[in-house]
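What follows is a set of notes on a single structure, which appears directly below.
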Amino acid sequence: MASIDELAATLKGFGLTDVPAAPNTYPKHNPLDIYRSHITELLAQASGVDAKIIYPVLQWTQTLDKGDLTLPVPALRIKGKKPDELAKEIGEKFPGSPLVEKPTVSGTYISFFFKPQPLLNIILPSILKNKSSFGKNPAFGQKDASDPSKGRKRLVIDFSSPNIAKPFGYAHLRSTIIGGFISKLYEGAGWDVVRLNYLGDWGRQYGILAVGYKKYGDDAKLKQEPIKHLVEVYQQMTKIQKEEDEQIKTKQEAIQTLKKEGKEEEASKQQAQLDEEIAKSVSQQARDYFKRMEDGDKEAMEFWKWCRDCSIEALEKSYARLNVHYDVYSGESQVKNESMEAAAKQLADSGVSGDSDGAVIVDLTKHSKKLGKALVKKKDGTSLYLTRDIGACVERFDTYNFDKQIYVVATQQDLHFAQLFKILELMGRKDLSDRCQHINFGMVNKMSTRLGTAKALDEVLNIVGEKMHEVMKTNQAKYEQVENPEQTADTLGIAAVMVQDMKGKRINNYDFDLARMTSFEGDTGPYLEYAHARLCSIARKAGISDADVADADFSLLTEKHAVDLVRLLAQWPDTFVDTMRKHEPATVLTYLFKMTHAVSSSYDHLQVVGSEEPVKKARMALYISARQVLRNGMELLGLTPVERM
Ligand code: ARG
C-alpha cells in the first residue's frame, strides 16, 4: 500500500509541504481526495467562502475536455453578484499551484486541469502498489470511520432466491448477477457481508411435486439435473391437476342443475361419485401431502429435504460459474411459526391488523392509497409470502444484527416490499424498516424460444457459451491459438450475459439478444475480455513483468494519450464511491468502456515493442496500471478476466 509518507515525499518533490486532507477524505485510498482538498483550500482563499461549503460541491466532469474537476459557482451561494462574473473573479484570484493548472472559466463553471507530471507520479505508483485494492476503501464500512477498533458494519443481502420446482426465471438470473455485484461492492467498501439465498422451498407445490414424483420421478435424472427434472415433473403434474380441476368444476355445475330441476336422487348419486374423484385428485392429494409436511411427518419431510438438497447442490455449481457464493441457504421453510405468531400478535396489539371474513389483513390505505390492504393470514390460518417475510426479517435481525439489509428482487415485487417495510414500521419495528432497502430491476424481453424454455441457470449459460464458441470459430486463425477454447467460450459467454445485464440502468427492461451480446464489438462482455487479454499479451510480448516497472520513469510519459489515460485511471476510486451511492452496475461499466476505449486508441501512439528501454518501461507501467484497473472493475462486477483468447 502506498503509504502517506511516500505520498508526502512525492508531493514534497512538487513543492507541497503536506498531504492536503479535508475531513473524511482518504488520500491513501483515493488520490483524487488530495486534489479536492488542495483545490478547496485555494478556492477558499480566492473566494472567501468556507472550505466546508466548497469541498462537497466540487464535481466530476463527464469528459476530459471539461477538466478533471469543476466547480459550479452558483453552488457556493454567494449573494449579490452574478455567478458568471463571480466565476471570472474567483478564477483570476486562484493562486498558482504545483498540482493544478490555472483554472479555465466557462460561464458559471470553473474547471480545473491537473498538471500531468505530479498526477502521473501520484496515480501510477498508487495503482502499482495497491493492486487489487486500488479503488476500494475499507474505511467506508467501519462503524466509526476514524476508529477501526469499533468494528465493521454488517450487510445482509437476500438475492437470487429462486423457487424450487419452478423454472429459474429471468428475475432470478438478474437478481443473482446484480446481487453478486452489490455483495462485492460492499465488501470492497469494508462491510461484513452475509449473502443469503431465501429459497422458495415451502408450500403446496411440494405436495404436487411429491405426488408427481411417485408417477414421473426418476432418481437418476434428479441426481443429474435436479432443477430441470423437478420442474418437468411439476409442470406435468400441474397440467393434469388443471384438467382434473376443470372437470370437477363442470361436474359440480351439472349437479347443481340437477338439483334445481328437482332430480335429487340423481344429484346425490353423482355427488357421491364426484366426492370420490375429488378425494383421489391431484389437488387433494397435494393438499394432504403438504398438510403432512406442516405436521412434520417424517417421510414427507425426507422427500422435501432430498429435493431441496439436490437443488442447492446444483445451484451452487451454477452460481460458481458466475463467481457467486452464499453464506446461508435459508428459505421460506425456515421461518419459524413463533416468529410469525409474535409478529401477528404485535400487529394485533398495536391495532394495526384487523379481521376480514376470518382472514387477517392490514389496511395500509390509511398511510398510502398505493399500499392497499395486505393479507397477512388466510382464512384457513395459513401464512403467506408476506407473513413469512415479516418473520424472516425479524429473525435475521436477531441472528445477524445487521446495519443494513438489501433485497434484490424484480420490480414486480415493489408493492410487496413497500408493504413489508410499512408493516414492520407499524408493528413498532422502525429500527428494522429503516435498515431495509429493496433494490429492484426491470424485465428481460424476447428470450429466444430455446432460452425461453430453459429451466435452470446452467441451461442459459450453456446456450450462450455454445453461441460464443460459434462466434469464436468464425475467426479460424485466432481460434486455433486459443489453448482451451471450450473453457474460454464458457467464460466469455458468461461475461456476455453479465455485461448485457448490467450495462443499462437496473430499472430498464432489456432484450436478451444472443447475437449482440456475444459480439466482440461494441459495449459487450467479450469486448472487455478482449481488452484485458490484449493488455496481457502486450506485457508477454514485451517480456516485462509487474516487478520490472517499479522503477519506471514516468516523466517519459509526455504524450496526450498517456496523460489522458492516467486522468481516467485516476477516476476509478471516485467511480467506486459513486457506485456505492447509486447501486448501479452500469456506473462501473460505463467507466470501464470509456477507459478501455482510451487504452485501445493509445496503442498506435504509445508503442511498447520497438521503443527504447526506459520509454518501453514507462509505457508498460501505464498499460499494467490500466490492466489492473480494468481487472479490478471486472472482478467487482463478478467477471473472470481472461489472459488469452
Ligand atoms: N422466491 C421469490 C420469487 O421468486 C423471491 C424471494 C425474494 N426474497 C424475499 N425475501 N422475498 O419471487
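The numbers here are math on the coordinates, done by the rules we state, and not lab data. Not measured: the values here are computed from a predicted model. Every residue, glycine among them, receives a Cβ derived from its backbone with ideal geometry; neighbour counts consider all protein chains shown.
Fewest to most neighbouring Cβ within 10 Å: what's the order for Ser330, Ser448?
Values: Ser330 20, Ser448 15.
Fewest-to-most ranking of Ser330, Ser448: Ser448, Ser330.
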task: List the residues whose amide H sits under 5 Å from the amide H of Lys153, counting only those 5 or more places along or on another chain, with H placed 1.01 Å from N in the peptide plane.
output: Gln142, Lys143, Asp192
- request: Could you tell me which of Ala22, Ser175, Ile390 has its Cα farthest along the dipole of the chain towards the positive end, charges placed at Cβ (Lys, Arg +1; Asp, Glu -1), taken about the Cα centre?
  value: Ala22
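Give the value in nm², to one decimal: projected area of the alpha carbon convex hull of region 154-333, averaged over all directions. If you can, show how the numbers build up before the last one.
On the way: hull surface 51.6 nm².
Spelled out: convex hull of the Cα atoms, projected over all directions, averaged, 12.9 nm².
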- request: For region 291-360 and region 571-636, write down the distance between their C-alpha centroids in whole Å.
  value: 45 Å
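Just for the chain, what percent of DSSP beta bridges are antiparallel, to the closest 5? Show your work: numbers first, answer last.
Working: 19 of 40 bridges.
The antiparallel fraction comes to roughly 50 percent.
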message: Explain nothing, just compute: Karplus ³J(HN,Hα) = 6.51 cos²θ - 1.76 cosθ + 1.60, θ = phi - 60°, for every residue of region 581-586 in order, whole Hz, x for Gly and Pro.
response: 6, 9, 6, 10, x, 4
Mean projected area (nm²) of the alpha-carbon convex hull when region 400-549 is viewed from all directions: 13.8 nm²
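Determine the dipole magnitude for region 1-89: charges of +1 sit on the beta-carbon of Lys and Arg, -1 on that of Asp and Glu, nothing else is charged, the reference point is the Cα centre, and the result goes in debye to the nearest 20.
360 debye
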query: Which whole-number percentage describes the relative contact order of region 457-637, with Cα contacts under 8 Å and a sequence gap of 6 or more?
result: 23 percent
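Would you please give the FRET efficiency between Glu486 and Lys52, computed as 1/(1 + (r/R0)^6) with r the Cβ-Cβ distance and R0 = 41 Å, to the nearest 0.05?
Numbers: r = 58 Å, r/R0 = 1.41.
Between Glu486 and Lys52 the formula returns 0.10.
Looking at region 499-547, I'd like the Rg to Rh ratio, where Rg is from alpha-carbon atoms and Rh is Kirkwood's inverse mean 1/r.
Details: Rg = 15.1 Å, Rh = 12.7 Å.
Here Rg/Rh amounts to 1.19.
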message: Whole percent per 10 Å bin, from 0 to the bin with the longest distance: what is P(r) over all C-alpha pairs of region 81-179?
response: 12, 17, 19, 24, 19, 7, 2
query: Which cross-chain or sequence-distant (5 or more) residues have an amide H under 5 Å from the amide H of Asn509, H modelled 1.01 Å from N in plane?
result: Met443
task: Using the number of other C-beta atoms within 10 angstrom as an exposure proxy, rank Ser555, Ser146 with the fewest first.
output: Ser146, Ser555
- request: For region 471-539, divide the Cα radius of gyration by the Kirkwood radius and give the resulting Rg/Rh value with two decimals.
  value: 1.01
query: Do any GluC sites (Glu not before Pro) in region 538-645 lie in a loop, going by DSSP, with at most 15 other beta-carbon atoms within 10 Å of their beta carbon, and if so which?
result: Glu559, Glu612, Glu643
message: At R0 = 22 Å, how high is the FRET efficiency between Glu635 and Ser537 if r is their beta carbon distance? Nearest 0.05 is fine.
response: 0.70
message: So if I take the centroid of the Cα atoms in region 85-103 and the same for region 404-441, what is the distance between those two points in Å?
response: 48 Å
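Holding the Cα-Cα limit at 20 Å, pick out from Lys305/Lys379; Lys239/Lys291; Lys214/Lys280; Lys239/Lys259; Lys28/Lys129 the pairs that are longer than that. Can you show the working numbers first?
Details: Lys305/Lys379 28 Å; Lys239/Lys291 22 Å; Lys214/Lys280 14 Å; Lys239/Lys259 31 Å; Lys28/Lys129 11 Å.
Flagged as over cut-off: Lys305/Lys379; Lys239/Lys291; Lys239/Lys259.
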field: Selection from Ile4, Phe94, Gly80, by position along the positive dipole direction of region 4-114 (Cβ)
entry: Gly80
statement: Tilt, helix 83-93 to longest principal axis of the chain (alpha-carbon atoms), in degrees rounded to tens, equals 40 degrees
statement: In whole angstrom, the spacing between the Cα centers of region 506-550 and region 38-82 equals 36 Å
message: For His416, His367, which order do you get if you count the other beta carbons within 10 Å of each Cβ and list the fewest first?
response: His367, His416
- line: Amide H contacts under 5 Å for Cys436, restricted to residues at least 5 apart in sequence or on another chain and with H modeled in the peptide plane, are Gln405
task: Taking the Cα centre of the chain as origin, sum charge times position over the Cβ atoms of Lys and Arg (+1) and Asp and Glu (-1), and report the length of that vector in debye to the nearest 20.
output: 1180 debye
- request: Would you mind checking the tilt of helix 337-349 against the longest principal axis of the Cα atoms of the chain, expressed as 0 to 90 degrees and rounded to 10?
  value: 90 degrees
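Tell me which trypsin sites (Lys or Arg not before Pro) from region 159-217 have a DSSP coil assignment and no more than 12 other beta carbons within 10 Å of their own.
Details: sites: Arg174, Lys184, Arg195, Arg204, Lys214, Lys215; in loops: none.
Here no trypsin sites (Lys or Arg not before Pro) fit, given the DSSP loop and packing criteria.
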message: Restricting the calculation to Cα positions, tell me the Rg (one decimal) and the Dmax (whole number) of region 1-79 in Å.
response: 13.5, 45
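Ignoring everything except DSSP H segments at least 4 long, calculate the 222 nm mean residue ellipticity for the chain; use -39,500 (n - 2.57) per segment, divide by total residues, nearest 500.
Details: 26 runs with 363 residues, N = 645.
My calculation for the chain gives -18000 deg cm²/dmol from helical runs alone.
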task: Please report, to two decimal places, log10 I(q)/I(0) for the chain at q = 0.07, 0.12 Å⁻¹ as given by the Debye formula with identical point scatterers on the Cα atoms and no solvent.
output: -0.59, -1.31
field: Karplus 3J(HN,Hα) series, Hz, for region 43-58 with 6.51 cos²θ - 1.76 cosθ + 1.60 (x for Gly, Pro)
entry: 5, 4, 4, 6, 10, x, 7, 5, 4, 4, 7, 6, 3, x, 9, 5
message: With the cut-off at 1.5 for a/c, could you classify region 153-202 from its C-alpha gyration tensor as rounded, prolate or oblate?
response: oblate
Vicinal HN-Hα couplings computed from phi for region 561-572 (Karplus, 6.51 cos²θ - 1.76 cosθ + 1.60; Hz; Gly/Pro x): 4, 5, 5, 4, 5, 5, 4, 6, 4, 4, 7, 4
